[in-house]
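Enquirer: Handing you this structure, nothing more for now.
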Amino acid sequence: MRNILDQVNSPDDIKELNIEQIDELASDIRYFLIEKVSKTGGHLASNLGVVELTLALHRVFNTPEDKIIWDVGHQSYVHKIITGRKNMFDNMRKLGGLSGFPKVNESDHDCFNTGHSSTSISAALGIAKARDIKKEKHSVIAVIGDGALTGGMAFEALNDAGRSPNNLIVILNDNKMSISENVGGLSHYLNKIRTEPFYYKVKEDIDIILNKIPAIGKSAVKALDRVKGSIKYMIMPGIIFEELGFKYIGPIDGHDMSELETVLTRAKKLKGPVLVHVYTQKGKGYTHAEEKPHLFHGISPFEIESGEVIVNSGPGYSEIFGRELLKIAKKDKRVVAITAAMPQGTGLDKFSQKYPERFFDVGIAEQHAVTFAAGLAQNDMVPVVAIYSSFLQRAYDQILHDVALQKLHVVFAIDRAGIVGEDGETHQGIYDISYLRHIPNLAIMAPCDYNEFKKMLEYAVIEHDGPIAVRYPRGKGQDKIFNTPDIKLGQSILLREGSDITIVAVGNKVETALQVADALEKIDLSAEVIYSRFIKPIDPKIILNSAVKTRRLITIEDNVIQGGFGSKVLEMINQKGINIKTRIFGYPDELIFHGSNNELKEIFRLDPQSIFHDVLKILNKVMV
């Protein structure tokens, strides 16, 4: 059924195919993607949309000599198939298997690691400038989606690249989507170009006519340039990309192989920066993905026929967040919600429908989201900013400078805190405690279960005064581990008394701490377990009293050890001059690769069994 695809093991294998064979190959690739991703999970809709574009790029250009940088990277599956990795797709995003993003150590055809949005043009310009300094001749191509183009870094790069003489091709893959439907002025602008393509044809015709007009003398040349410019503005008002210095080509049907190859061949010959505007359909070729591209952007294993996710459904932290914020917003009309292009992913889709005037999707612009929230807070609103942990780090300066220094009441709902498993290095949310803990005036909380999460949201939005963050993990949690009192700033809870060792845990590691304590109890060892509701400020009295009592203390967190919660506890013990045995359990100072959460916990010894055995070593006990 996939005879042509079976014959494709490198980009050279597709260069001699005729257009009918290429169309058949495109169908084979879509079938292959649907079949494989339905079993492994991954980014499906975005890859179904770039099949023809990827084929055209590899027919016109020659990787690895030519360099293709895929923005975000979730649209690189087809590129991986063509570049000799199709036999690895059964292990896509699994431990030791193929990454879901471009990786330079995975293939020579991947020239730059990507996983976050809006970086491709900057990287491509750097690669192009290095090429020219070294007097090399290869092409450099950045493939960026219109969603990624809402990120400020993309505009910074366009501004710099447009004034550069270096040859550089930017492919704008315009599918009207990031993860959710795109928003903002740029989206409206691209939609206008896309729906009125006669502008492009008229412009070409006008250029041909004007270029045939003879010029006599310098003054005539200047006059002619002014006439050309005036006509261009009359015909195509607001040509952003050309005004930035790019030669603009488009819009082009991103599913028309003949047109794509013709345009890319033309772009390859042009000097200086070129922008090729391609419009595609996200999810093309699979009805369920076409109808619900946001759901199939990143999806768990699913049934192909129905499109339904196989994993047993149920509310996760994101859904709980969305529900609770709706209840809070009903009671307090000052509450507004902000997201950076992820209303569904953060659980805010229902909030956006219920309170559209109090919901703001700012696009993939985390820096803007935070300072925008600061402006709202300065005018007596209560903004709740919902952003994934690995993306919030992009707004560090805004959190410090625009929110914390002014002590503004902005609530940061930090989704996907901790490891996220299959998405790997670029998405692990294991750094937020470290990059937030040292910021003045900022309080940080982490719930151990849904019941605590609801209490923390209520406290953060309604009761607290000043900047505060609530970090919570990806996926599902426990409904209620134990009964808890009302929240007081900095208060910890003693869950279990003990005499042999103190275990202080945060967030979902509280459940792990209790499991370790249970295992110790079975061999007549007693652990005191403290749930630190607040990562900052911490509760010095309860922790220090316990440390002095047991003389041995460990902390458990789903963050890197460096600068994390455990570091704060050790700093406090050191300042008090207490000399006891200590150990921090967290992630090491290295990149955490992709794999399931359980596999990663075992590898890095953060599962209950591993911690139990390490605690025995601290206690100088040996299992018989």
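Enquirer: In degrees, nearest 10, range 0 to 90: what is the angle between the Cα axis of helix 217-235 and the longest Cα principal axis of the chain?
Expert: In the chain, helix 217-235 runs at an angle near 60 degrees to the longest axis.
Enquirer: Report the charge-dipole magnitude of the chain in Debye, nearest 20, computed about the Cα centre from +1 at each Lys and Arg Cβ and -1 at each Asp and Glu Cβ.
Expert: In debye, rounded to 20, the chain gives about 1580.
Enquirer: Among 138, 368, which comes first, then next, by fewest other beta-carbon atoms within 10 Å?
Expert: 138, 368
Enquirer: At a Förster radius of 51 Å, what calculated FRET efficiency corresponds to the Cβ-Cβ distance of residue 353 and residue 497, to the nearest 0.05?
Expert: Numbers: r = 48 Å, r/R0 = 0.94.
Calculated transfer efficiency: 0.60.
Enquirer: Using amide H atoms built in the peptide plane, which far-off residues or other-chain residues are under 5 Å from residue 469 H to H?
Expert: Amide H to amide H, under 5 Å and 5 or more residues apart or across chains, residue 469 pairs with 412, 443, 444, 445.
Enquirer: Here is a further query. Starting from the amide H of residue 274, placed 1.01 Å from N in the peptide plane, find each other amide H under 5 Å away whose residue is 5 or more places distant or on another chain.
Expert: Amide H neighbours of residue 274, under 5 Å, 5+ apart: 168, 169, 170, 247.
Enquirer: Beyond 41 Å, what percent of the Cα pairs of the chain remain?
Expert: In whole percent, the long-distance tail amounts to 34.
Enquirer: Then there is this: List the equivalent ellipsoid semi-axes of region 493-618 in whole Å, largest first, each obtained as the square root of 5λ for an eigenvalue λ of the Cα gyration tensor.
Expert: 22, 18, 12
Enquirer: Also: Tell me which residues come under 5 Å, amide H to amide H, from residue 284 once H is placed; ignore anything under 5 positions away on its chain.
Expert: 49
Enquirer: Among the listed pairs 455/476; 36/292; 480/536, which are separated by more than 21 Å between their Cα atoms?
Expert: Long pairs (Cα-Cα over 21 Å): 480/536.
Enquirer: Let me ask another. Against the longest alpha carbon principal axis of the chain, how many degrees, from 0 to 90 and to the nearest 10, is the axis of helix 51-60 turned?
Expert: 60
Enquirer: What does the C-alpha gyration tensor say about the overall shape of region 575-622? Classify as rounded when a/c is under 1.5, otherwise prolate if a/b is larger than b/c, or oblate. Provide the component values of the computation, followed by the final result.
Expert: Working: a/c = 3.83, a/b = 1.57, b/c = 2.43.
Oblate.
Enquirer: Rounded, prolate or oblate: pick one for region 363-410, where a ≥ b ≥ c are the square roots of the eigenvalues of its C-alpha gyration tensor, a/c under 1.5 means rounded, and failing that, prolate if a/b is larger than b/c, else oblate.
Expert: It comes out prolate by the Cα gyration axes.
Enquirer: Now a separate question. Can you put 317, 435 in order of Cβ neighbours within 10 angstrom, beginning with the fewest? Mind showing how you got there, number by number?
Expert: On the way: 317 22, 435 17.
The fewest-first ordering by Cβ neighbours comes to 435, 317.
Enquirer: Separate question: Once you have a ≥ b ≥ c as the square roots of the Cα gyration tensor eigenvalues for region 317-471, tell me rounded if a/c is under 1.5, and otherwise prolate or oblate according to whether a/b is larger than b/c.
Expert: rounded
Enquirer: In debye, nearest 20, what is the charge dipole magnitude of region 493-618 about its Cα centre with +1 on Lys and Arg Cβ and -1 on Asp and Glu Cβ, if you could check? Don't skip to the answer; put the middle values down first.
Expert: Values: 16 positive and 17 negative charges, 113 e Å.
It comes to approximately 540 debye.
Enquirer: Now for a different question. Just list whichever of 407/581; 39/103; 282/330; 103/129; 15/247 have alpha carbons separated by over 30 Å in the model shown.
Expert: The answer is 407/581; 282/330.
Enquirer: Using only helices, what value at 222 nm comes out for the chain when you add -39,500 (n - 2.57) per DSSP H run of length 4 or more and divide by the total residues, to the nearest 500 deg cm²/dmol?
Expert: The helix-only estimate for the chain comes to -11500 deg cm²/dmol at 222 nm.
Enquirer: Can you put 266, 394 in order, fewest other beta carbons within 10 Å first?
Expert: 266, 394
Enquirer: What list of ³J(HN,Hα) couplings, whole Hz, do you get for region 127-133 from phi and the Karplus terms 6.51, -1.76, 1.60, once you set θ to phi - 60° and write x for glycine and proline?
Expert: 5, 5, 5, 4, 4, 6, 4
Enquirer: Students often get this wrong: which residues of region 485-525 have the backbone nitrogen under 14 Å from the point 7 angstrom along Cα-to-C-beta of residue 581?
Expert: Correct set: 499-503, 525.
Enquirer: Compute the separation of the alpha-carbon centres of region 329-399 and region 464-495 and state it in Å as a whole number.
Expert: Centre-to-centre (Cα) distance: 21 Å.
Enquirer: Here's another thing I want to ask about it. May I ask for the angle, rounded to the nearest 10°, between helix 540-550 and the longest principal axis of the chain, with both axes built from Cα atoms and the value confined to 0 to 90°?
Expert: Helix 540-550 sits at roughly 60 degrees to that axis.
All of the numbers you see were taken from the coordinates with simple rules; none came from a lab. Please read all numbers here as calculations on a predicted model, not as lab measurements. Positions of Cβ are backbone-derived with ideal geometry, glycine not excepted, and every protein chain shown enters the neighbour counts.
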